[in-house]
Structure formats: structure tokens, C-alpha cells
Amino acid sequence: KLPTADKWCDVIMREVGSPMVFVSPLDQDAVAQSRTGEKVSSYAFNSALAGKSLHELDRHHNSRQTILVFECNLGWNGSGGLKDLHKNVPPDQWNVALVDGSSQLTNPNQMQRSQMRWSPPERRGTGGEDGN
């Protein structure tokens, strides 16, 4: 299962081994803070996926375009969604990692064309909410 939204960095820290994994090399403020031993993250977890089964998400073809993590400095264990991206990141510089393991630089138009989603599809195949 994916971690809870409020503890995701702490939970996966055991697996990744170094807090530098959470710091974008382009985020100079976070790099500097990290060097002093402060826990910082340049990335945020998609809170709509908290507690979901990654195995179950992977079985749904439509889930593979679901955003798992996105570049947005909301602090250590930061989580959120599209509203946080709009508020904190220029619309032409959205870096996202998807449930399928891929990552890409995107923008609102590309996100819509690629059918990226923030909520996983419903179990019955009715589809999740897009763009929220």
C-alpha cells in the first residue's frame, strides 16, 4: 500500500536510504537546507492516492496515467494536488512522476491531452476525477 499523505517521506525513507532523494538539484534552497541536516523535500505526494494499493492501481490500465508525485515544495511529507501546483509552480514547469513509473515535464494542456489524472479510476471502471 502507498503511505499516508502526511507521512510519505518518513515511510519511504527506509527504502531510499538518503534524504537527498527528496531534493531536486535545481531547488538550491532545498539543497542548502538539506546540507545542514534539515529534512526538506522538493516533491509532494498526490494525496488522492494515500493508502491505495499500488498493485491494484497497476491492474487498472487507466491508473497508469495517475500522478503519484509532483515537484512542488510543500515541505517534508508535503502532499496535495492540482490546486497546489497551480498555486506554487509556474504552469509551464510541471514535473510529475506517474504510477507507471515514468516521469515527465508537462503543462496543463499536455496533462489534459495525455489524460493524466489526479484520482485513480473507480473500481467499476467509471473513471476518477480529472484535473482536481
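The values are calculated or read from the model by the stated rules, or taken from the named source; none is laboratory data. Since we're looking at a predicted model, the values are computed, not measured. In this analysis, Cβ positions are derived from the backbone assuming ideal geometry, glycine residues included, and neighbour counts consider all displayed protein chains. All accessible areas refer to the heavy atoms of the entire protein, side chains included, with ligands and DNA or RNA removed. Shrake-Rupley method; radii C 1.70, N 1.55, O 1.52, S 1.80 Å.
Remarks
- Counting only protein heavy atoms and a probe of 1.4 Å, the accessible surface of the chain is 47% carbon and sulfur.
- Summarising the amide proton neighbourhood of residue 95: residues at separation of 5 or more, or on other chains, whose placed amide H is nearer than 5 Å comprise 71, 106.
- Relative contact order of the stretch 40-96, defined on C-alpha pairs under 8 angstrom at six or more residues apart (%): 48 percent
- 3J(HN,Hα) along the stretch 44-51, derived from phi through the Karplus expression 6.51 cos²θ - 1.76 cosθ + 1.60 where θ = phi - 60°, amounts to 10, 8, 5, 5, 5, 9, 4, x Hz, with x in place of Gly and Pro.
- Put the Cα centre of the stretch 1-62 next to the Cα centre of the stretch 66-97 and the gap is 12 Å.
- Helix-only mean residue ellipticity at 222 nm for the chain, each DSSP H run of n ≥ 4 adding -39500 (n - 2.57), per residue, nearest 500: -7000 deg cm²/dmol
- Modelled label reach - residue 113, point 7 Å along Cα→Cβ, the stretch 37-73 residues with backbone N closer than 19 Å: 65-67
- Restricting attention to the chain, close to 75% of DSSP beta bridges with both partner residues there are antiparallel.
- Under the Karplus curve 6.51 cos²θ - 1.76 cosθ + 1.60, θ = phi - 60°, whole-Hz ³J(HN,Hα) for the stretch 81-89, x wherever Gly or Pro sits: x, 4, 4, 5, 4, 4, 6, 10, 10
- Here's how it looks for residue 76: its modeled amide H is under 5 Å from those of 41, which are all 5 or more places away or on a different chain.
- Taking the stretch 77-116 and a reference point 7 angstrom along Cα→Cβ of residue 64, the backbone N atoms nearer than 12 Å belong to 99-102.
- Chain lengthening between residue 29 and residue 87 when straightened (0.36 nm per residue, less Cα-Cα): 19.0 nm
- Sequence-distant contacts, meaning Cα pairs under 8 Å at least 6 residues apart, place the relative contact order of the chain at 23 percent.
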